[in-house]
Amino acid sequence: MAATSRGTTPVPPDSRPRLTVLSGPSGVGKSTVVAHMRKAHPELWLSVSATTRRPRPGEKHGVHYFFVTDEEMDKLIANGELLEWAEFAGNRYGTPRTAVLERLESGEPVLLEIDLQGARQVRESMSDAMLVFLAPPSWEELVRRLTGRGTEPPEVITRRLEAARIELAAEPEFDMTLVNTSVEDVARELLALVAVV
Ligand code: ADP
Ligand code: 5GP
């Protein structure tokens, strides 16, 4: 068993999941790991979510997120255009349904980076999805990473840490846990799981 994994069973090649969900508390390193994976494998398709959150410096519309207004998000939800959606720390986030289903129909692996509530919805609607939980090496390290990122004001960090306690408690709901001690190690394990390598 790889050093970063916990409670996992090796996945035989013929049963590798095509839809992989990566979840974990804010600041654990999900985006960093995914960016590392895509640097090595630009062909890996990651769903681009819609969000009502304002862009952080450097974030691009259509690349990191589709940045939408509250009204636009209302419409996406009302029209059934989202595979799942959730409110997280004061903003709404959702996965555009059609793009994901098209990729899956053409046999391409799909990666979703979404919160716990979204992961639970995917579990309900797509029972063969593989749910991966990214865990921090410790609570202190999670706080350090979230604070050190410097992208949220203190009150938002507090909300995200409150959510993190709930998310950490839900770890047993996931098929697999990877502990993000080393970005390289986690990225390698996830690439093998997503069946890109
Ligand atoms: P998330 O997408 O889960 O909210 P980020 O990818 O933005 O988290 O990472 C939060 C911070 O933690 C960033 O500053 C990132 O550089 C740092 N980070 C991510 N992974 C590691 C790691 N394995 N070791 C140390 N710092 C990390
Ligand atoms: P951030 O604001 O830090 O980019 O994301 C906050 C949280 O929202 C993270 O846990 C992230 O995984 C989650 N998230 C991003 N996109 C989606 C989505 O489409 N659906 C859901 N449910 N959560 C998402």
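The values are calculated or read from the model by the stated rules, or taken from the named source; none is laboratory data. Everything numeric here is computed off the predicted structure, so don't read it as measured data. No Cβ is skipped: glycine too gets one built from the backbone with ideal geometry, and neighbour counts run over all protein chains shown. Heavy atoms of the whole protein, side chains included, go into the accessibility calculation; ligands, DNA and RNA do not. Shrake-Rupley method; radii C 1.70, N 1.55, O 1.52, S 1.80 Å.
Here are the numbers:
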{"read-out": "Under 5 Å, built H, 5+ apart or other chain: amide partners of Leu83", "value": "Thr95, Arg97"}
{"read-out": "Extreme residue, positive dipole direction of the chain, given options Met73, Thr98, Val186 (C-beta unit charges)", "value": "Val186"}
{"read-out": "Accessible area of the chain belonging to carbon and sulfur atoms, whole % at 1.4 Å probe", "value": "54 percent"}
{"read-out": "Segments 20-26, 161-167, 69-75, 31-37 sorted - mean Cβ within 10 Å per residue, highest first", "value": "20-26, 31-37, 161-167, 69-75"}
{"read-out": "Over the chain, equivalent-ellipsoid semi-axes from the Cα gyration tensor in Å", "value": "24, 22, 15"}
{"read-out": "Placed amide H near Ala135: partners under 5 Å, 5+ positions off or other chain", "value": "Leu178, Val179, Asn180"}
{"read-out": "Longest to shortest principal axis, alpha-carbon extents of segment 68-125, angstrom", "value": "34, 22, 17"}
{"read-out": "Beta bridge orientation in the chain: antiparallel %, DSSP, nearest 5", "value": "35 percent"}
{"read-out": "Label-point separation, His61 to Val183 (7 Å along Cα→Cβ), nm", "value": "2.8 nm"}
{"read-out": "Accessible area per residue in Å² at 1.4 Å probe, computed on segment 85-167", "value": "50 Å²"}
{"read-out": "Point-charge dipole on Cβ atoms (K/R +1, D/E -1) for the chain, about Cα centre, debye to 20", "value": "480 debye"}
{"read-out": "Magnitude of the charge dipole, segment 117-197, Cβ model with Lys/Arg +1 and Asp/Glu -1, debye to 20", "value": "220 debye"}
